[in-house]
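Undergrad: I'd like to ask some things about the structure below.
The values are calculated or read from the model by the stated rules, or taken from the named source; none is laboratory data. Since we're looking at a predicted model, the values are computed, not measured. Cβ atoms come from the backbone with ideal geometry, glycine included; neighbour counts cover every protein chain shown.
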Amino acid sequence: MPDVHALGPIDLSLQPGEFFAVVGPSGCGKSTLLEVIAGLSPPTQGEVLFDGVPVGSFVPEGIGVIFQDDASFPWLTVRENIAFGLKRRGTDSKTTRRLVDDALELTGLGHFADGYPAQLSGGMRQRVCIARTLVLQPRLILLDEPFGALDQQTRLLMGDEVLRLWRETGASILLITHALDEAAMLSDRVGVMSARPGRFLDIVTTNWPRNRDSTIVTRPDFGQITSRLWTLLRDQSMKSIVETARA
Amino acid sequence: MRPRKATIVRLVLIAAAVGSLEAACRTGLVARFTMIPPSEMVVSLFGLFRSPDVVSDIGQTLTAVGIALAAAVLIGFLIGALLYAVPRARRIADPLLATYYAVPVFVFYPLLIVFFGLNAIPKTVIGFLYAFVVMIINTLNGLDRVPGVFWKTARVHHLGRRDTVVHLILPCAGPYLFTGAKLAVMYAFIGVIGSEFILSSGGLGYRISFAYNNFQSDVMYGLILFVLMVVILVNMGLYAWERVLMERRGGR
């Protein structure tokens, strides 16, 4: 398989406690960017720093990743799923139980603690993965299209959940999404990427208050932000479609 | 149909079939020389346990099956994992695996007797040869179904190679490995008992064949019933266990 030049030059600095979203046309390298930041894929050039320390080819402590695909473990109960990372870290059972109980409450999974993922909806399974990440108290949470498989209403509600968790944990969040409204609703800043090789065309600041929820989608300035994002993306999306058709 | 109702219907059907056979044997519809009534098979079965020779044969067969099975599961799993890890080797092996069960493995039995002598080794090898490929196929099947996101999740949780395999990959592939092991049990029984039928100095197959050749219908049917009971009980136990595993996962 030929090498693919997925990403162009990227210069990005995330602030502590910031919610940053990345949007871009299909195949522009959004997920590659996330994997590079997470330490799952090393960059061919350049450097990623987390808390001032270079990220190599290992995921640093303090970074949590939530993927688009269902990563809940079907052979474990919800409680065991959430405790997975803590057990691997060697956290004592009393602390594990307390942290898992907190995460269950925070994500609204308390009633399903002893159930198996197969008994939950797709949205709730994604919550299990979110809880499994949160329980490790990451300072940076990377979300790779985590609501991609959910319907629009569930996505809005999950967006509210993520905003609440973001406020309560104080972690920074980097969200990869193809949904402009999702990016506009959730983020402090939205990075708009070009077609492959992806680079930032612009970074749009939303100026939303920290204490926001999905009701902001009814505000006129929400429409202005999504319009701005689409204006930036339209040509790039066309370019991406044409390139995909050629390939 | 609800599971409980299905179980009742199934038991009624089996009871009806056994009852019909009993009646057919008792009324002479089926000649006694051909088949003894099922109730006499049960009496014969319990009588057989008093014979040290039969007990020894049972021990020989179960030992050979156990060794063949353990080797098939272990070696089959290791080969499956190796083929999964080396795609080039898998591309070479795939057609061989797909056609393996078209080969009548029993044709190698005389060869194995020449190599190893008339002892427990050839029949154990045949049991192994029958059972190990199904384990390879199911190991590959299970590993293929491990979602790619689990490998990434393992890295996010800083799992080493061993921990990834032990805590994520094996549990995820578990149901398929279990299916492989379950089928291997049956194949090992077929291989070992079949070999004992052809040529052997002991074992259940040998004892059934000996009884058949000497017109000992009661012994033959008692032993056949024993083999059926063992295989069915083992299979039912494994099936129940598998169902518990799969129910947890909701078929995932």
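Undergrad: Which residue, of B:Leu177, B:Leu238, B:Leu233, is touching a Lys or Arg at 6+ places or on another chain (Cβ under 6 Å), among the hydrophobic types (A, V, I, L, M, F, W, C) and either at negative phi or surrounded by fewer than 22 Cβ atoms within 10 Å (Cβ to Cβ) (or both)? Can you show your working first?
TA: Details: B:Leu177 fails: touching a Lys or Arg at 6+ places or on another chain (Cβ under 6 Å); B:Leu233 fails: touching a Lys or Arg at 6+ places or on another chain (Cβ under 6 Å).
Result: B:Leu238 is the single residue among B:Leu177, B:Leu238, B:Leu233 that is touching a Lys or Arg at 6+ places or on another chain (Cβ under 6 Å), among the hydrophobic types (A, V, I, L, M, F, W, C) and either at negative phi or surrounded by fewer than 22 Cβ atoms within 10 Å (Cβ to Cβ) (or both).
Undergrad: On to the next question. When you look at A:Arg88, is it of a type in the set (Lys, Arg) and touching a residue at least 24 places away in the same chain (Cβ under 8 Å), yes or no? I'd like the intermediate steps shown before the answer.
TA: On the way: of a type in the set (Lys, Arg): yes; touching a residue at least 24 places away in the same chain (Cβ under 8 Å): no.
So A:Arg88 does not fit the description; no.
Undergrad: Residues that are in a helix (DSSP H, G or I), modelled with pLDDT of 90 or more and within 30 Å of A:Leu86 (Cα to Cα): does segment B:177-185 have at least one? Reasoning before the result, please.
TA: Here is the first cut: in segment B:177-185, the ones in a helix (DSSP H, G or I) are B:177-185.
Now restrict to residues that are modelled with pLDDT of 90 or more: B:177-185.
With within 30 Å of A:Leu86 (Cα to Cα) added as a condition, the list becomes B:177-178.
Yes: segment B:177-185 contains one or more residues that are in a helix (DSSP H, G or I), modelled with pLDDT of 90 or more and within 30 Å of A:Leu86 (Cα to Cα).
Undergrad: Looking only at segment A:211-247, filter to residues that are among the polar types (S, T, N, Q) and over 23 Å from the mean Cα position of the chain (by Cα); which one of those is surrounded by the fewest Cβ atoms within 10 Å (Cβ to Cβ)? Talk me through it step by step, then tell me what you get.
TA: Taking segment A:211-247 as the starting set, the residues that turn out to be among the polar types (S, T, N, Q) are A:211, A:214-215, A:218, A:224, A:226-227, A:231, A:236-237, A:240, A:244.
If we keep only those that are over 23 Å from the mean Cα position of the chain (by Cα) too, we end up with A:218, A:224, A:231, A:244.
Details: A:Thr218: 8, A:Gln224: 11, A:Thr231: 11, A:Thr244: 13.
Selected residue: A:Thr218.
Undergrad: Could you check A:Ile82 against (1) among the hydrophobic types (A, V, I, L, M, F, W, C); (2) in a helix (DSSP H, G or I); (3) within 11 Å of another protein chain (Cβ to nearest Cβ) and say which number it fails?
TA: Among (1) among the hydrophobic types (A, V, I, L, M, F, W, C); (2) in a helix (DSSP H, G or I); (3) within 11 Å of another protein chain (Cβ to nearest Cβ), the lone unmet condition for A:Ile82 is (3).
Undergrad: Can you tell me how many residues within segment B:13-38 are among the hydrophobic types (A, V, I, L, M, F, W, C) and surrounded by 11 or more Cβ atoms within 10 Å (Cβ to Cβ)?
TA: Keep residues of segment B:13-38 that are among the hydrophobic types (A, V, I, L, M, F, W, C), which gives B:13-18, B:21, B:23-25, B:29-31, B:33, B:35-36.
Still in the list and also surrounded by 11 or more Cβ atoms within 10 Å (Cβ to Cβ): B:17-18, B:21, B:23-25, B:30, B:35-36.
Total satisfying the criteria: 9.
Undergrad: Can I ask one more? Right, B:Val166: in a helix (DSSP H, G or I) and within 14 Å of chain A (Cβ to nearest Cβ) or not?
TA: Values: in a helix (DSSP H, G or I): yes; within 14 Å of chain A (Cβ to nearest Cβ): yes.
Considered against the rule, which asks whether it is in a helix (DSSP H, G or I) and within 14 Å of chain A (Cβ to nearest Cβ), B:Val166 comes out as yes.
Undergrad: Checking the conditions here, which among A:Thr95, A:Thr91, A:Thr77 is β-branched (Val, Ile, Thr), surrounded by fewer than 20 Cβ atoms within 10 Å (Cβ to Cβ) and within 12 Å of chain B (Cβ to nearest Cβ)?
TA: Numbers: A:Thr95 fails: within 12 Å of chain B (Cβ to nearest Cβ); A:Thr91 fails: within 12 Å of chain B (Cβ to nearest Cβ).
Exactly one residue qualifies, and that residue is A:Thr77.
Undergrad: If you don't mind, another one. Within segment A:205-212, can one find any residue that is of a type in the set (Val, Ile, Thr), touching a strand residue (DSSP E or B) at 6+ places or on another chain (Cβ under 6 Å) and more than 18 Å from A:Leu143 (Cβ to Cβ)? Walk me through how you get there before you give the answer.
TA: Our first condition is that a residue be of a type in the set (Val, Ile, Thr); within segment A:205-212, this holds for A:205-206.
Retained after the next criterion (residues that are touching a strand residue (DSSP E or B) at 6+ places or on another chain (Cβ under 6 Å)): A:205.
With the extra rule that they be more than 18 Å from A:Leu143 (Cβ to Cβ), the set shrinks to A:205.
Yes, that holds for at least one residue.
Undergrad: Which ones in segment A:105-119 are in contact (Cβ under 8 Å) with a residue 24 or more places away in the chain and more than 14 Å from chain B (Cβ to nearest Cβ)?
TA: Answer for segment A:105-119, where residues must be in contact (Cβ under 8 Å) with a residue 24 or more places away in the chain and more than 14 Å from chain B (Cβ to nearest Cβ): A:Leu106, A:Thr107, A:Gly108, A:Leu109, A:Ala113.
Undergrad: Hey, another quick one. How many residues, within segment B:83-92, are part of a helix (DSSP H, G or I) and free of Cβ contacts under 8 Å to residues at least 12 places away in the same chain? Steps first, answer last, please.
TA: Pass one, segment B:83-92, residues part of a helix (DSSP H, G or I): B:83-85, B:87-92.
Now narrow it down to the ones that are free of Cβ contacts under 8 Å to residues at least 12 places away in the same chain: B:85, B:87-89, B:91-92.
Total satisfying the criteria: 6.
Undergrad: Using beta carbons and a limit of 7 Å, which pairs, at least six apart or on different chains, have the first residue in segment B:225-236 and under 23 Å from B:Phe178 (Cβ atoms) and the second one surrounded by 12 or more Cβ atoms within 10 Å (Cβ to Cβ) and β-branched (Val, Ile, Thr)?
TA: Every condition considered, the pairs that remain are B:Val234/B:Val185.
Undergrad: Report the residue count in segment A:134-158 for those that are of a type outside the set (A, V, I, L, M), within 11 Å of the chain's Cα centre (by Cα) and at pLDDT 85 or above.
TA: Adding up the residues that qualify gives 2.
Undergrad: Can you find even one residue in segment A:47-55 that is at pLDDT below 90 and crowded, with 20+ Cβ neighbours inside 10 Å?
TA: yes
Undergrad: Okay, moving on. Please specify each residue of segment A:56-74 satisfying the condition of being in contact with a Ser or Thr (Cβ under 9 Å, 6 or more places away or on another chain) and either surrounded by fewer than 17 Cβ atoms within 10 Å (Cβ to Cβ) or hydrophobic (A, V, I, L, M, F, W, C) (or both). Break it down into steps so the answer makes sense when it comes.
TA: First, pick out the residues of segment A:56-74 that are in contact with a Ser or Thr (Cβ under 9 Å, 6 or more places away or on another chain): A:57, A:64-68, A:71, A:73.
Of everything in segment A:56-74, those that are in contact with a Ser or Thr (Cβ under 9 Å, 6 or more places away or on another chain) and either surrounded by fewer than 17 Cβ atoms within 10 Å (Cβ to Cβ) or hydrophobic (A, V, I, L, M, F, W, C) (or both) turn out to be A:Ser57, A:Val65, A:Ile66, A:Phe67, A:Ala71, A:Phe73.
Undergrad: Identify, please: which residue in segment A:45-74 is away from chain B (no Cβ under 14 Å) and in contact (Cβ under 8 Å) with a residue 12 or more places away in the chain and is, among those, nearest to B:Pro147 (Cα to Cα)?
TA: Our first condition is that a residue be away from chain B (no Cβ under 14 Å); within segment A:45-74, this holds for A:45-49, A:51-54.
When the remaining residues are screened for being in contact (Cβ under 8 Å) with a residue 12 or more places away in the chain, the result is A:46, A:48, A:51.
On the way: A:Gly46: 30, A:Val48: 27, A:Asp51: 31 Å.
Restricting to residues being away from chain B (no Cβ under 14 Å) and in contact (Cβ under 8 Å) with a residue 12 or more places away in the chain, the top hit is A:Val48.
Undergrad: Moving on to the next point. Where the second residue is surrounded by 14 or more Cβ atoms within 10 Å (Cβ to Cβ) and among the polar types (S, T, N, Q) and the first is in a helix (DSSP H, G or I) and lies in segment A:226-247, which pairs have Cβ atoms under 8 Å and are six or more apart or on separate chains?
TA: Pairs found: A:Gln236/A:Ser194.
Undergrad: Within the set of pairs 6+ apart or on separate chains, which have a first residue in segment B:189-214 that is closer than 13 Å to B:Asn119 by Cβ, a second that is among the acidic types (Asp, Glu) and part of a helix (DSSP H, G or I), and C-beta atoms under 9 Å apart?
TA: Pairs that qualify, where the first residue is closer than 13 Å to B:Asn119 by Cβ and the partner is among the acidic types (Asp, Glu) and part of a helix (DSSP H, G or I), are B:Glu196/B:Asp57; B:Gly202/B:Asp53; B:Gly202/B:Asp57; B:Gly202/B:Glu196; B:Gly203/B:Asp57; B:Gly203/B:Glu196; B:Tyr206/B:Asp57; B:Tyr206/B:Glu196.
Undergrad: Among what's in segment A:20-39 and is surrounded by 14 or more Cβ atoms within 10 Å (Cβ to Cβ) and polar (S, T, N, Q), pick the residue that is farthest from the other protein chains (Cβ to nearest Cβ).
TA: Quick first cut of segment A:20-39, residues surrounded by 14 or more Cβ atoms within 10 Å (Cβ to Cβ) only: A:20-25, A:27-39.
From what is left, the residues that are polar (S, T, N, Q) are A:31-32.
Values: A:Ser31: 11, A:Thr32: 13 Å.
Filtering first and then ranking leaves A:Thr32.
Undergrad: Counting only residues that are surrounded by 21 or more Cβ atoms within 10 Å (Cβ to Cβ) and polar (S, T, N, Q), which one in segment B:180-207 is farthest from the other protein chains (Cβ to nearest Cβ)?
TA: B:Ser200
Undergrad: A:Pro42: over 30 Å from A:Leu157 (Cβ atoms), of a type outside the set (Asp, Glu) and either in a helix (DSSP H, G or I) or away from every other protein chain (no Cβ under 12 Å) (or both), yes or no?
TA: yes
Undergrad: Still on this structure: Which of (1) at pLDDT 90 or above; (2) under 22 Å from B:His157 (Cβ atoms) does A:Gly223 not meet, given it meets every other one?
TA: The single condition A:Gly223 does not satisfy is (2).
Listed here are the residues, each with its yes/no results for (1) within 29 Å of B:Ile137 (Cβ to Cβ); (2) at pLDDT 90 or above; (3) not in a helix (DSSP H, G or I).
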{"position": "B:Gly47", "(1), (2), (3)": "no, no, no"}
{"position": "B:Arg50", "(1), (2), (3)": "no, no, yes"}
{"position": "B:Val55", "(1), (2), (3)": "no, no, no"}
{"position": "B:Ala81", "(1), (2), (3)": "yes, yes, no"}
